[in-house]
Amino acid sequence: MKKTFLLLLAVLALSLVAAAKEEMQGTIVSENSVQCGSQAKGKKTSELMCQEYVIRGGATEYHVRQEKEAHKELIPVNAPVEFTLSKDKMKFKVNGKSYEMLVVSESAAPAAAPAAAPALKP
């Protein structure tokens, strides 16, 4: 009985790890420039800006941000992406290019508005 329980637990753990690495489909919903630190040069301090993207995958929206300010390439909005999640990082492909970004938050995607019922004629 104990061996069966341990075997079942091991299979469950392995399936969770495999599920976390599977590739998912999504869409880039929006992009914003956000403050991601500051840099001091002599007596002057300048704010560093990073791009933050909202990627909708199924029923979840992921807010991801560039790891380094040096990655300045903009990714088009409404582009389809294939992504994988690993802890606090998201790896994804857009138009054949690969990116790795930090997941800063996630939330439930807004529900689609129901279609309006047709008006009845008297």
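The values are calculated or read from the model by the stated rules, or taken from the named source; none is laboratory data. It should be emphasised that the depicted structure is a prediction, and the values quoted were computed from it without experimental measurement. All Cβ positions, glycine included, derive from the backbone under ideal geometry; neighbour counts span all protein chains shown.
Some points to look at:
- Residue in segment 26-34 that is assigned to a strand (DSSP E or B), in contact with a Ser or Thr (Cβ under 7 Å, 6 or more places away or on another chain) and within 19 Å of VAL104 (Cα to Cα) present: no
- Residue that is farthest from the chain's Cα centre (by Cα) [pool: residues in segment 34-64 that are surrounded by 15 or more Cβ atoms within 10 Å (Cβ to Cβ) and hydroxyl-bearing (Ser, Thr, Tyr)]: TYR53
- Of all residues making up segment 98-111, the number that are without any contact (Cβ under 8 Å) to a residue 12 or more places away in the chain and either under 13 Å from GLN66 (Cα atoms) or part of a strand (DSSP E or B) (or both): 1
- The set of residues from segment 20-33 being of a type outside the set (Gly, Ala, Ser) and surrounded by 13 or more Cβ atoms within 10 Å (Cβ to Cβ) comprises MET24, THR27, ILE28, VAL29, GLU31.
- Qualifying residue in segment 65-75 (condition: surrounded by 10 or more Cβ atoms within 10 Å (Cβ to Cβ), at pLDDT 90 or above and outside any loop (DSSP other than H, G, I, E, B)): yes
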